[in-house]
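The values are calculated or read from the model by the stated rules, or taken from the named source; none is laboratory data. Computed from a prediction, not measured in an experiment: that's the story for all the values here. A quick note on method: Cβ atoms are made from the backbone with ideal geometry, for glycine too, and the neighbour counts reach across all protein chains shown. Ligands, DNA and RNA are excluded from the accessible area calculation, which covers all protein heavy atoms including side chains. Shrake-Rupley method; radii C 1.70, N 1.55, O 1.52, S 1.80 Å.
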Amino acid sequence: MATSVAVAEAQTSRAAAAGGWKCAGTKVSRCIEGRGANKLRVNFVNKTNRKVTAEFGVTCASNSGQRVYSLKRNLKARGGYLSQTITCPGGFQDWVHGWQMSSGKVYRTPFINI
(Lines give C-alpha, C1' and ligand atoms only; values in the text may rest on other atoms or scores of the structure.)
Protein backbone atom coordinates (compact mmCIF):
# COMPACT_ATOMS: atom_id res chain seq x y z
CA MET A 1 0.00 0.00 0.00
CA ALA A 2 2.82 2.42 0.80
CA THR A 3 4.11 2.15 -2.75
CA SER A 4 0.69 3.13 -4.12
CA VAL A 5 0.57 6.16 -1.85
CA ALA A 6 4.07 7.21 -2.86
CA VAL A 7 3.09 6.89 -6.52
CA ALA A 8 -0.15 8.87 -5.96
CA GLU A 9 1.75 11.63 -4.15
CA ALA A 10 4.45 11.78 -6.83
CA GLN A 11 1.91 11.93 -9.65
CA THR A 12 -0.01 14.70 -7.90
CA SER A 13 3.20 16.65 -7.18
CA ARG A 14 4.37 16.45 -10.80
CA ALA A 15 0.94 17.45 -12.14
CA ALA A 16 0.67 20.32 -9.64
CA ALA A 17 4.04 21.62 -10.79
CA ALA A 18 2.76 21.47 -14.38
CA GLY A 19 -0.40 23.40 -13.40
CA GLY A 20 -2.88 20.47 -13.48
CA TRP A 21 -3.68 19.75 -9.83
CA LYS A 22 -4.76 22.43 -7.36
CA CYS A 23 -3.87 21.38 -3.81
CA ALA A 24 -4.28 22.43 -0.19
CA GLY A 25 -3.39 20.93 3.17
CA THR A 26 -0.24 19.60 4.80
CA LYS A 27 -1.35 16.76 7.09
CA VAL A 28 -3.93 15.59 4.57
CA SER A 29 -3.17 16.55 1.00
CA ARG A 30 -6.45 17.61 -0.68
CA CYS A 31 -6.10 17.97 -4.44
CA ILE A 32 -8.46 18.51 -7.37
CA GLU A 33 -8.01 18.59 -11.13
CA GLY A 34 -10.37 19.26 -14.03
CA ARG A 35 -10.47 16.31 -16.46
CA GLY A 36 -12.72 17.63 -19.25
CA ALA A 37 -16.01 19.37 -19.87
CA ASN A 38 -17.81 17.85 -16.88
CA LYS A 39 -15.27 15.63 -15.11
CA LEU A 40 -12.92 16.18 -12.22
CA ARG A 41 -10.53 14.10 -10.24
CA VAL A 42 -9.87 14.36 -6.51
CA ASN A 43 -6.95 12.97 -4.58
CA PHE A 44 -6.82 12.88 -0.76
CA VAL A 45 -3.64 11.52 0.91
CA ASN A 46 -3.15 11.10 4.66
CA LYS A 47 0.43 12.03 5.61
CA THR A 48 -0.01 11.64 9.37
CA ASN A 49 0.76 8.71 11.67
CA ARG A 50 -2.89 8.52 12.76
CA LYS A 51 -6.08 7.44 11.10
CA VAL A 52 -7.98 10.50 9.87
CA THR A 53 -11.55 10.20 11.12
CA ALA A 54 -13.44 12.27 8.58
CA GLU A 55 -15.85 12.21 5.68
CA PHE A 56 -14.50 13.01 2.22
CA GLY A 57 -16.47 14.17 -0.78
CA VAL A 58 -17.03 16.50 -3.72
CA THR A 59 -19.49 19.32 -4.44
CA CYS A 60 -20.51 20.16 -8.02
CA ALA A 61 -22.35 23.49 -8.21
CA SER A 62 -23.78 26.30 -10.30
CA ASN A 63 -26.06 29.30 -9.75
CA SER A 64 -29.06 26.92 -9.81
CA GLY A 65 -27.84 24.71 -6.94
CA GLN A 66 -25.38 22.02 -5.99
CA ARG A 67 -24.86 18.26 -5.91
CA VAL A 68 -22.90 16.82 -3.02
CA TYR A 69 -21.17 13.45 -3.31
CA SER A 70 -19.91 11.67 -0.20
CA LEU A 71 -17.05 9.43 -1.33
CA LYS A 72 -15.43 7.84 1.71
CA ARG A 73 -15.16 7.87 5.48
CA ASN A 74 -11.78 7.80 7.21
CA LEU A 75 -8.27 7.36 5.83
CA LYS A 76 -5.74 4.90 7.22
CA ALA A 77 -2.67 6.20 9.01
CA ARG A 78 0.40 7.04 6.92
CA GLY A 79 -0.78 5.67 3.67
CA GLY A 80 -4.53 6.07 3.50
CA TYR A 81 -5.61 7.66 0.26
CA LEU A 82 -8.62 8.25 -1.96
CA SER A 83 -8.37 8.98 -5.65
CA GLN A 84 -11.54 9.17 -7.71
CA THR A 85 -12.91 10.66 -10.93
CA ILE A 86 -16.36 12.26 -10.72
CA THR A 87 -18.71 13.33 -13.51
CA CYS A 88 -20.75 16.38 -12.54
CA PRO A 89 -24.33 16.26 -13.88
CA GLY A 90 -25.66 18.87 -16.32
CA GLY A 91 -26.64 22.10 -14.62
CA PHE A 92 -24.05 21.64 -11.84
CA GLN A 93 -20.85 22.18 -13.78
CA ASP A 94 -19.84 25.80 -13.09
CA TRP A 95 -17.47 25.15 -10.18
CA VAL A 96 -16.40 22.23 -8.01
CA HIS A 97 -14.36 21.49 -4.93
CA GLY A 98 -13.41 18.51 -2.81
CA TRP A 99 -13.89 18.57 0.94
CA GLN A 100 -13.03 16.86 4.20
CA MET A 101 -15.37 17.17 7.21
CA SER A 102 -13.71 16.40 10.52
CA SER A 103 -14.70 17.30 14.10
CA GLY A 104 -17.19 19.94 12.96
CA LYS A 105 -14.72 21.63 10.60
CA VAL A 106 -14.61 21.59 6.81
CA TYR A 107 -11.34 21.59 4.90
CA ARG A 108 -11.53 22.14 1.15
CA THR A 109 -9.51 21.72 -1.99
CA PRO A 110 -9.22 24.90 -4.02
CA PHE A 111 -12.34 25.71 -6.07
CA ILE A 112 -12.01 25.07 -9.81
CA ASN A 113 -14.18 25.71 -12.86
CA ILE A 114 -14.82 22.79 -15.18
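Work through the residues other than Ile112 whose Cβ is under 12 Å from its Cβ and net out their charges, Lys, Arg +1 and Asp, Glu -1.
Working: positive: Lys22, Arg35, Lys39, Arg41, Arg108; negative: Glu33, Asp94.
Charge balance near Ile112 sits at +3.
Solvent-accessible area of Lys105, probe 1.4 Å, all protein chains present, reported in Å² to the nearest ten, please.
Accessible surface of Lys105 is approximately 120 Å².
When the Debye formula is applied to the Cα atoms of segment 28-114, each taken as the same point scatterer, what base-10 log of I(q)/I(0) results at q = 0.10, 0.18 Å⁻¹?
Rounded to two decimals, the profile gives -0.23, -0.71.
At 1.4 Å probe size, with every protein chain present, just tell me what the per residue accessible area of segment 11-114 comes to in Å².
For segment 11-114, the per-residue accessible area is 55 Å².
Keeping all protein chains in position, work out how much accessible area Phe111 exposes to a 1.4 Å probe, and write it in Å² to the nearest 10.
120
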